[in-house]
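One structure is given here, and the rest of the page talks about it.
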Amino acid sequence: MPLTFDPWVAFIWCVFAGFVMSMGVGGGGVLAGIGHLSILGIADANQIKVLNQILEFASRIVAVPLYQRQRRISWSLALAFSAGAPFGAVAGSWASKAWLSDIGAYRIAFGLLVLAVAARVGYEAWGAAVAADARLRRAREASSRGARDGAREAPRTLETSLTQIRVRFAGEHFDFSPWTAAAGGFAIAFVGALLGIAGGFLITPFLASVLFYPVYLATGTSLVASMVPLVASVLAYFALDVRVDWRLLAFEVPGIVVGSMFGPLASRRMNDRALKTFIAVVLFAIGLYYVAF
């Protein structure tokens, strides 16, 4: 049976999408979705969701070891987030299959959501009032020290309880509630599965803005945190008999692997403000695309 897509277009687009995925700032899965929908012309909305998530998982297999080598993953935070994520992923997959099989039903709402997140992240990068928030300022300073010093010291979990987890990084202590992290995992995994993406565009802002974590750590940690819900969501879609074009994946996955080798290196060279600015620009462009086109 002849191919119904251009393999080189699929490969090259996935190199770009893999690069963005491995930056840990979100938007890579949405880029993959744009490629499937608007470039490769796939008409099956449910298949697009599964393809996006398989590619996102493939990217993490490459990127997570690179972030771990750079000492930029907080495992205790990733595990706390993952405690609630599988339940949200399964619920979101079921809801999406039942009510959002038509892409046109949600693309405008999705675009508006992404634009709202972009505005919030951009404000945190450049808003004057942010400088007065001690928690955000402390996280930003820790990110800058980590990027400057090459993170000689990995984040260390000092305290674990049912009410608080304390992590030390770059000379600072960062405390968060495991219940808040798990609740965020459930909600974001639900949205991600609903839209057929990993939800990285929400995870990194959640870790940085709600839990007040350094973006330098949030980027790598978000990739680990999304792996469990990705697996749960894909398995749920398979259980719902969603079809997958495995020949297309055979060309896309190598592109994702190539692109994902460079994202962690680029991310390491960017400070907190630069990373948040990059996040805001990528999300704004994606949100505008979905709202306007």
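The values are calculated or read from the model by the stated rules, or taken from the named source; none is laboratory data. All of these numbers come straight from a predicted model, not from anything done at the bench. Reconstructed Cβ throughout: ideal geometry from the backbone, glycine too, with neighbour counts over all protein chains shown.
Here are some notes:
- Enumeration of residues in region 191-200 that are buried (at least 23 other Cβ atoms within 10 Å of the Cβ) and in a helix (DSSP H, G or I): 192, 193, 194, 195, 200
- Entirely in region 201-281, the helices (runs of 4 or more DSSP H) that have 3 or more residues that are closer than 16 Å to residue 82 by Cβ: 215-225, 227-239
- Filtered residue count, region 1-38, keeping only those that are in contact with a Phe, Trp or Tyr (Cβ under 6 Å, 6 or more places away or on another chain) and at pLDDT 85 or above: 5
This table checks each residue for (1) within 25 Å of residue 112 (Cα to Cα); (2) surrounded by fewer than 16 Cβ atoms within 10 Å (Cβ to Cβ); (3) touching a His at 6+ places or on another chain (Cβ under 8 Å); (4) touching a residue at least 24 places away in the same chain (Cβ under 8 Å).
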site: 237; (1), (2), (3), (4): no, no, no, yes
site: 254; (1), (2), (3), (4): no, no, no, yes
site: 260; (1), (2), (3), (4): no, no, no, yes
site: 265; (1), (2), (3), (4): no, yes, no, yes
site: 268; (1), (2), (3), (4): no, no, no, yes
site: 277; (1), (2), (3), (4): yes, no, no, yes
site: 284; (1), (2), (3), (4): yes, no, no, yes
site: 289; (1), (2), (3), (4): yes, no, no, yes
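- Among residues that are touching a residue at least 60 places away in the same chain (Cβ under 8 Å), crowded, with 24+ Cβ neighbours inside 10 Å, over 28 Å from residue 155 (Cα atoms) and of a type outside the set (Phe, Trp, Tyr), residue 77 is not included.
Yes/no matrix, rows are residues, columns are (1) on the phi > 0 side of the Ramachandran plot; (2) surrounded by fewer than 20 Cβ atoms within 10 Å (Cβ to Cβ):
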position	(1), (2)
15	no, yes
21	no, no
27	yes, no
33	no, no
53	no, no
64	no, no
73	no, no
85	no, no
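- Qualifying position, being in a helix (DSSP H, G or I), at pLDDT 80 or above and not β-branched (Val, Ile, Thr), among 158, 77: 77
- Matching residues, region 210-247, being in contact with a helix residue (DSSP H, G or I) (Cβ under 6 Å, 6 or more places away or on another chain) and more than 16 Å from residue 73 (Cα to Cα): 229, 230, 232, 233, 234, 236, 237, 240, 242, 243, 244
- Hey, residue 128 under 19 Å from the mean Cα position of the chain (by Cα), surrounded by fewer than 16 Cβ atoms within 10 Å (Cβ to Cβ), at pLDDT below 90 and over 24 Å from residue 244 (Cβ atoms) or not: no
- Taken over region 146-190, the criterion of being surrounded by fewer than 15 Cβ atoms within 10 Å (Cβ to Cβ), in contact with a strand residue (DSSP E or B) (Cβ under 8 Å, 6 or more places away or on another chain) and of a type in the set (Lys, Arg) is satisfied by 156 alone.
- Among all positions in region 168-177, there is at least one residue which is under 30 Å from residue 90 (Cα atoms), touching a helix residue (DSSP H, G or I) at 6+ places or on another chain (Cβ under 8 Å) and touching a residue at least 12 places away in the same chain (Cβ under 8 Å).
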